[in-house]
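Enquirer: The structure follows.
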Amino acid sequence: MRILYVSNFYPPHAVGGAEIVAQRQAREFKRRGHDVAVFAGKLPDAGDELGGIDLEDDDGVRLYRTVMRSLDVDRSFYWPLAERNLAAIMRFERPEIVHFHNVTGLGANL
């Protein structure tokens, strides 16, 4: 099965338990033979392009990490760029299941 996890953060960029749970679930489903990818955010560092995406590998799980613009509710509740990024990843990955964790910073519009 092709599974896509969506989480505002993902280790090692973790601020709470939801990110750790997302990673453990993704790795376990990968271990069980499923095709697993993750779309997650990260806070910007100097020089990062807002909405840019980096592709990483997390123990065999493909990780698409996008640079978030803000965690402030007024700037993160609806974010069209994250929606476009997720749509592009979904077209490429063609998941059968999308599992959402905390989306604060990525946008409730996802």
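Enquirer: Quick one: which residue in R65, R69 is in contact (Cβ under 8 Å) with a residue 24 or more places away in the chain, part of a strand (DSSP E or B) and surrounded by 17 or more Cβ atoms within 10 Å (Cβ to Cβ)?
Expert: Values: R69 fails: part of a strand (DSSP E or B).
From the options R65, R69, the qualifying one is R65.
Enquirer: Another question, if that's okay. Just for region 85-110: of the residues that are in contact (Cβ under 8 Å) with a residue 24 or more places away in the chain and over 15 Å from S7 (Cα atoms), which one is most open to solvent (accessible area, probe 1.4 Å)? Talk me through it step by step, then tell me what you get.
Expert: Filtering region 85-110 down to residues in contact (Cβ under 8 Å) with a residue 24 or more places away in the chain leaves 85-86, 89-90, 93-110.
Filter again for over 15 Å from S7 (Cα atoms), leaving 93-96.
Numbers: E93: 18, R94: 141, P95: 31, E96: 113 Å².
This residue is R94.
Enquirer: I would also like to ask the following. Would you confirm, using the coordinates I've provided, whether G47 is within 15 Å of the chain's Cα centre (by Cα) and not acidic (D, E)?
Expert: It is false that G47 is within 15 Å of the chain's Cα centre (by Cα) and not acidic (D, E).
Enquirer: Which residues, taken from region 22-49, are outside any loop (DSSP other than H, G, I, E, B) and under 17 Å from L71 (Cα atoms)? Talk me through it step by step, then tell me what you get.
Expert: Just the residues of region 22-49 that are outside any loop (DSSP other than H, G, I, E, B), to begin with: 22-31, 35-42.
Result: F39, A40, G41, K42.
Enquirer: Any idea which of (1) in a helix (DSSP H, G or I); (2) within 16 Å of G105 (Cβ to Cβ); (3) among the acidic types (D, E); (4) open to solvent by 50 Å² or more (accessible area, probe 1.4 Å) is the one E19 doesn't satisfy?
Expert: Just one mismatch for E19, condition (4).
Enquirer: Next question. Looking at A46, A26, which is the one that is free of Cβ contacts under 8 Å to residues at least 60 places away in the same chain and open to solvent by 80 Å² or more (accessible area, probe 1.4 Å)?
Expert: Only one candidate passes the filter, namely A46.
The values are calculated or read from the model by the stated rules, or taken from the named source; none is laboratory data. Predicted model only: the values in this text are computed from it and were never measured. Using ideal geometry, Cβ is built from the backbone for each residue, glycine included, and neighbour counts are taken over all protein chains shown. Note: areas computed on protein heavy atoms with side chains; ligands, DNA, RNA excluded. Shrake-Rupley method; radii C 1.70, N 1.55, O 1.52, S 1.80 Å.
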